[in-house]
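Report on one structure; see the data block that follows.
The values are calculated or read from the model by the stated rules, or taken from the named source; none is laboratory data. Note that the structure is predicted; figures quoted are calculated from it, not measured. With ideal geometry, Cβ positions are generated from the backbone for all residues, glycine too; neighbour counts draw on all protein chains shown. In case anyone asks, the SASA skips ligands and DNA or RNA and just uses the protein heavy atoms, side chains included. Shrake-Rupley method; radii C 1.70, N 1.55, O 1.52, S 1.80 Å.
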Amino acid sequence: QVHPVESGGGLVQPGGSLRLSCAASRSIFTIRYIDWYRQAPGKEREFVASVTSGGTTTYVDSVKGRFTISRDNAKNTVYLQMNSLKPDDTAVYYCKTFTTDGNIYWGQGTQVTVSS
């Protein structure tokens, strides 16, 4: 298994919260950075957030102040805490890893639906 594995998606009401997990399937110290992307129906996949091996984080403007990306090195896992969710956040969320040996791996995705 070299591909990351996402979990934690589900159905939530507007204003609610979810925490997504990305299990790296390898030592997190062999990964340069881990990204979260999302793809809504009929739209292109878009970048959401990133965390580097040094802990630097980056966010798309639409989620700044609402989403937080973090990493647990002991568990080789990256999290995406999503608060104040909106219907526009509905999408399949994907984890992408970029390894120190130059490979890119995508997970299978986890569905997030924000609806009342």
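Quick notes on this one:
Here's the yes/no breakdown for (1) modelled with pLDDT under 95; (2) out of contact with any Leu (no Cβ under 9 Å at 6 or more places or on another chain); (3) surrounded by 12 or more Cβ atoms within 10 Å (Cβ to Cβ); (4) of a type in the set (Val, Ile, Thr):
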site: GLN1; (1), (2), (3), (4): yes, yes, no, no
site: LEU18; (1), (2), (3), (4): no, no, yes, no
site: SER25; (1), (2), (3), (4): yes, yes, yes, no
site: VAL48; (1), (2), (3), (4): no, no, yes, yes
site: THR52; (1), (2), (3), (4): yes, yes, yes, yes
site: VAL60; (1), (2), (3), (4): no, yes, yes, yes
site: GLY65; (1), (2), (3), (4): no, yes, no, no
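- If the condition is being touching a strand residue (DSSP E or B) at 6+ places or on another chain (Cβ under 8 Å) and either part of a loop (DSSP other than H, G, I, E, B) or among the polar types (S, T, N, Q) (or both), then region 44-55 contributes ARG45, SER50, THR52, SER53, GLY55.
- Filtered residues of region 70-97 (kept if under 12 Å from the mean Cα position of the chain (by Cα) and open to solvent by 10 Å² or more (accessible area, probe 1.4 Å)): SER70, ARG71, THR77, TYR79, GLN81, VAL92, TYR94, LYS96
- Hey, GLN39 more than 17 Å from the chain's Cα centre (by Cα) and modelled with pLDDT of 95 or more or not: no
- Residues satisfying the stated conditions in region 27-46, i.e. hydrophobic (A, V, I, L, M, F, W, C) and surrounded by 12 or more Cβ atoms within 10 Å (Cβ to Cβ): ILE28, ILE31, ILE34, TRP36, ALA40
- Every residue from region 79-94 that is of a type in the set (A, V, I, L, M), under 21 Å from SER53 (Cβ atoms) and touching a Ser or Thr at 6+ places or on another chain (Cβ under 7 Å): none
- For region 5-41, filtering for residues that are farther than 12 Å from GLY107 by Cα and assigned to a loop (DSSP other than H, G, I, E, B) leaves 11.
- Scanning region 98-112 for residues that are open to solvent by 40 Å² or more (accessible area, probe 1.4 Å) and either in contact with a helix residue (DSSP H, G or I) (Cβ under 9 Å, 6 or more places away or on another chain) or not in a strand (DSSP E or B) (or both) yields THR100, ASP101, GLY102, ASN103, GLN108.
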